[in-house]
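This report concerns only the one structure given below.
The values are calculated or read from the model by the stated rules, or taken from the named source; none is laboratory data. In this text, all values refer to a predicted model and were calculated from it rather than measured experimentally. Methodologically, a virtual Cβ is constructed for each residue, glycine included, from the backbone with ideal geometry; neighbour enumeration extends over all protein chains shown. Just the protein is used for accessible areas: all its heavy atoms, side chains included, with ligands, DNA and RNA removed. Shrake-Rupley method; radii C 1.70, N 1.55, O 1.52, S 1.80 Å.
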Amino acid sequence: MKTPGSRAALLIAGLALALLAAGASVDALFPGVMPGGTAGAWFALALAVTFVFGLWRLAHHGVVRPLDRMEEQVAVSEHRIRAVLDHIVDAVVYVNEYGVIESSNPAAERLFGFGADELRGKGIAELLPPPPGIGAAAGEGLPAHLAGMDGEMREASGRHKSGALFPLELTVSRMTIHGRPHYVGILRDITQRRAQLAALRHQALHDALTGLPNRALLFDRIEHTIRGARRSHQPLALMITDLDHFKEINDTLGHPFGDLILQETARRMGAAMRSSDTVARLGGDEFALLLPATDAGDAVRIADKVMREIERPFELEGHNFMLGASIGIAMFPDHGDDASTLMRHADVAMYAAKREHCGHAVYRSELDRHSLEYLALKSELHTALESDQLKLCYQPVIDLQSGQVTGVEALVRWNHPTRGLLAPDEFIPLAERTGLIRGLTLWVLNTAAQHSRTWAAHGLELRIAVNLSVHNLHDGGLPETIRGIIGGGGQPLQLRLEITETAIMPGSTQALEVLNRLSAQGVRISIDDFGTGYSSLAYLKRLPVDEVKIDKSFVSAMALDNDDAVIVRSTIDLAHNIGLRVVAEGVEDRATYDLLAGMRCDSVQGFYISRPLEADAVLAWLRDSAWRPAAVGAR
């Protein structure tokens, strides 16, 4: 392929030859017309033209062509650089020595909302205003807050065409061209990053479910409030609140319902507080209240107000549920002068309030001993299950129609090596919180089965009632475990399981499934402490239960309190109308016994009949008792 240069060379060479040929022809046809020898002259002219062209050709290929190639390469490089600048995400501006923008890329135009022509000629200080308190004096033509930033990255504020300020990340690089400084600024909008960091900080310091401050933020606020209280010489109060019966509702109805209750509790607490107070969630069903400039008397009044708010019924899917609260109060500076001490002492007071069922308690130094005992019990209970420290006692249940013992209720006791005999109320809640309730329940069932077979060998067959925790009803393997206990060892165990109303509240699908499987195995189900919970007889009719036990709080005073007597009578009548048997517990005198017999109550138990008996004393008591069954003769 001929290049433009080669074509030009051929053209000139051809012209030279043509001139030479023309000169020769003229000289031959018209001799003497052209003096001096025309052919020679034309030949010389051709040689001169050829020589000049050779020099031009040499110069063109040796100098001009490389320059052309260099110019072409520069143009390609500029095109590539411009393509990169046009497509990168970061904004780029080129600023001269006077701080004036000479060029920019499309990202800069989008970032600030200006067109390319609008940006060109603007002072960089218009787009990057100095922060408050820093003047706009120039350094090397740049604003003071940008001078000296050679390669350094920092955050700054950008001003949009609309006038709105936004955060950005900025790097300025300095270069010298022809002895004069120029600057390249690379900028990136960090509005979204700032929002993400703020969200992460909020998540780190707030409870995701309720939106309240969490333990970390509360701790920081306590320390901050303490510093203010020292300066102003004012007290402050810290309260820790634990919801009563929440675990039963949460385990029975499920976590979604529990979450709704926690959210509503947070809302109620917040509504009861001042704007200067802090309501925080510590985890689970524990909340904390920080009250600046509050003395002990005000703290107690606020605790009463919070309890009233929590005790208002919670409505879930058409059902009302009641909760309570236990509140511990610690005061600065009386009970501690730092956040850790106040938190610990408020927690000790809260457990004291829960243990004493008094709603709220103010910290006292003597409460620490009980707290330490509680912590010790947690580790000792596990040992008790393995070292024969537990024992079962039995309280007889009398059939009012026959006047004979038809069953017993198993009541576990802990024979503690140093604290003596502990009643169930002192360690059953502990077993539930520590996860030992399953092992404890299995121990009770197996021990009751052994005692039942011992009595059967003496001709005494009694149905044994065993109390179940709400946690047991969420153990899918419980029916199979009980099947093995009932059917093992030859003589089958006649078993009745007693559960509280809260364990079978509406919505507890898993608990209902476990109860149905137990009922299908021949296990009888009783509702214990009936009248103190949330269920209704209409709801119980749909459950696999055949008996309700009226709580002793209604029975024990019914001979003296007509209102209690009316409640008991109504409960008996309604239960009979839907086919349920009724047992009254807490019978402590003959008058109550006779009243219940007249109301057609089915069975009774209580101190009037017998206090709980150890297993080896049951047979001896029955032989001497007026309520002994026919199978057990008197001595």
Tell me the GluC sites (Glu not before Pro) within the stretch 299-365 that lie in a loop according to DSSP and have at most 10 other beta-carbon atoms within 10 Å. 317
Within the stretch 271-347, DSSP-loop trypsin sites (Lys or Arg not before Pro) with at most 16 other C-beta atoms within 10 Å are 274
In the stretch 532-612, what GluC sites (Glu not before Pro) fall in a loop by DSSP, with at most 12 other Cβ atoms inside 10 Å? none
Rounded to a whole %, the carbon-and-sulfur portion of the accessible area of the stretch 165-232 at a 1.4 Å probe is 56
Rounded to the nearest 10 Å², the 1.4 Å probe accessible area of residue 434 is 50
Could you list which residues have their amide H under 5 Å from that of residue 500, counting only those 5 or more apart in sequence or on another chain, with H placed in the peptide plane? 528
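Rank 552, 391 by accessible area, highest first, at a 1.4 Å probe radius? Provide the component values of the computation, followed by the final result.
On the way: 552 125, 391 55 Å².
Most to least solvent-accessible, the answer reads 552, 391.
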Residues whose placed amide H lies under 5 Å from that of residue 613, excluding near-sequence neighbours: 394, 395
Can you spot the lysines whose alpha carbon is less than 23 Å from residue 122's alpha carbon? Ignore those fewer than 8 places along the same chain. 161
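Calculate what fraction, in whole %, of the accessible area of the stretch 252-329 sits on carbon and sulfur atoms when a 1.4 Å probe is rolled over the protein chains.
Within the stretch 252-329, the accessible surface is 50 percent carbon and sulfur.
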Quick check for you: with a 1.4 Å probe and neighbouring chains kept, what is the accessible area per residue of the stretch 230-327, in Å²? 43
Tally up the carbon and sulfur contribution to the accessible surface of the stretch 364-458 as a whole percent, 1.4 Å probe, everything protein left in place. 49
Report the net charge of residues surrounding residue 317, where surrounding means a beta-carbon distance below 15 angstrom and charges are Lys +1, Arg +1, Asp -1, Glu -1. -3
When we measure straight from the Cα of residue 391, which lysines land under 19 angstrom away, once same-chain ones fewer than 8 places off are left out? 378
Which ³J(HN,Hα) values, rounded to whole Hz and listed in residue order, are derived for the stretch 438-447 from phi using the Karplus coefficients 6.51, -1.76 and 1.60 in 6.51 cos²θ - 1.76 cosθ + 1.60 with θ = phi - 60°, glycine and proline given as x? 5, x, 5, 5, 5, 4, 4, 5, 5, 5
Percent relative contact order of the stretch 254-366, based on C-alpha pairs within less than 8 angstrom and at least six residues apart? 18
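For Cα pairs less than 8 Å apart in space and 6+ apart in sequence, what is the mean separation divided by the residue count of the stretch 187-342, i.e. the relative contact order in percent?
Relative contact order for the stretch 187-342 comes out at 31 percent.
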